[in-house]
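Derivation of every value follows stated rules applied to the coordinates shown; laboratory data play no part. Nothing here was measured: the structure is a model prediction, and the numbers come from that model. Counting neighbours? That spans all protein chains shown, and the Cβs are built from the backbone with ideal geometry, glycine included.
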Amino acid sequence: METILLKVHKAMFRAHPPYFILCLILVPFGIGILLLLAWWLDVRTTTLTVTDMRTILNYGILSRRSSEIMHKHVVNIQLVQSLTQRLFDVGTLRIAGAGPTIGEELVIVGIPHPNKICSLINEHRG
């Protein structure tokens with residue numbers, strides 16, 4: 001039986017503070033509301049799920065897409081963080097697989113607590 005260890009959505013403000021501030025400045029002109037709504041939809045419809053066996057990325061607003069990598073096939077986890085992202089504890093994760101998933105890679109930008117996610121995956125790798 002597979003157990004869900006963590007389920008997270010992309011971060012909004014913490015991932016891109018200058019863009020968030022720009023959207024707030026544009027709210028009185030109406031454009032900011034549209035930008036914030038589109039951004040919020042993107043954030044809410046992107047989910048990273050880490051189970052004890054695999055990592056699954058679901059994303060898409062009108063059409064849904066899903067990618068997954070079994071932990072036993074993970075060969076590399078890359079975490080990329082700028083200084084601002086480190087301060088806000090967000091980052092970009094790239095998870096590469098081998099075996100049947102050779103050449104496949106899960107990439108998620110603006111994910112909160114990336115070090116925690118890396119640790120969870122590493123704990124459950126074969």
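How large is the charge dipole for the range 4-123, taken about the Cα centre, if only the Cβ atoms of Lys, Arg (+1) and Asp, Glu (-1) carry charge, to the nearest 20 debye? Don't skip to the end; give the middle numbers.
Working: 11 positive and 7 negative charges, 29 e Å.
Approximately 140 debye in magnitude.
Stretched out fully, how many nm does the piece from Val27 to Thr47 gain, at 0.36 nm a residue minus the Cα gap?
Numbers: separation 20, 0.36 × 20 = 7.20 nm, distance 2.71 nm.
Between Val27 and Thr47, full extension yields 4.5 nm more.
Give the residue from Thr51, Val80, Leu34 lying farthest towards the positive end of the charge dipole for the range 4-123; charges sit on Cβ (+1 for Lys and Arg, -1 for Asp and Glu) and the dipole is referred to the Cα centre. Of the options given, the answer is Leu34.
In summary, the lysines within cross-link reach of Lys116, defined as a Cα separation below 17 angstrom excluding same-chain residues under 8 places away, comprise Lys7, Lys10.
Ranked by the mean number of other Cβ atoms within 10 Å per residue, highest first, peptides 72-81, 106-115 order as 106-115, 72-81. Fully extending the segment from Arg64 to Leu34, taken as 0.36 nm per residue of separation minus the present Cα-Cα distance, adds 8.6 nm.
Placing unit charges on the Cβ atoms of the charged side chains and taking the dipole of the chain about its Cα centre, the candidate lying farthest along the positive direction among Cys23, Ala98, His71 is Cys23.
All other residues whose Cβ lies under 12 angstrom from that of Thr46 are scored, Lys and Arg at +1 and Asp and Glu at -1, for a net of +4.
Would you mind counting up the charge near Ala15? Only other residues with Cβ under 15 Å from its Cβ, with Lys and Arg at +1 and Asp and Glu at -1. Walk me through the numbers before you get to the answer.
Details: positive: Lys10, Arg14, Arg44, Arg86; negative: Asp42, Asp89.
Value of the local net charge: +2.
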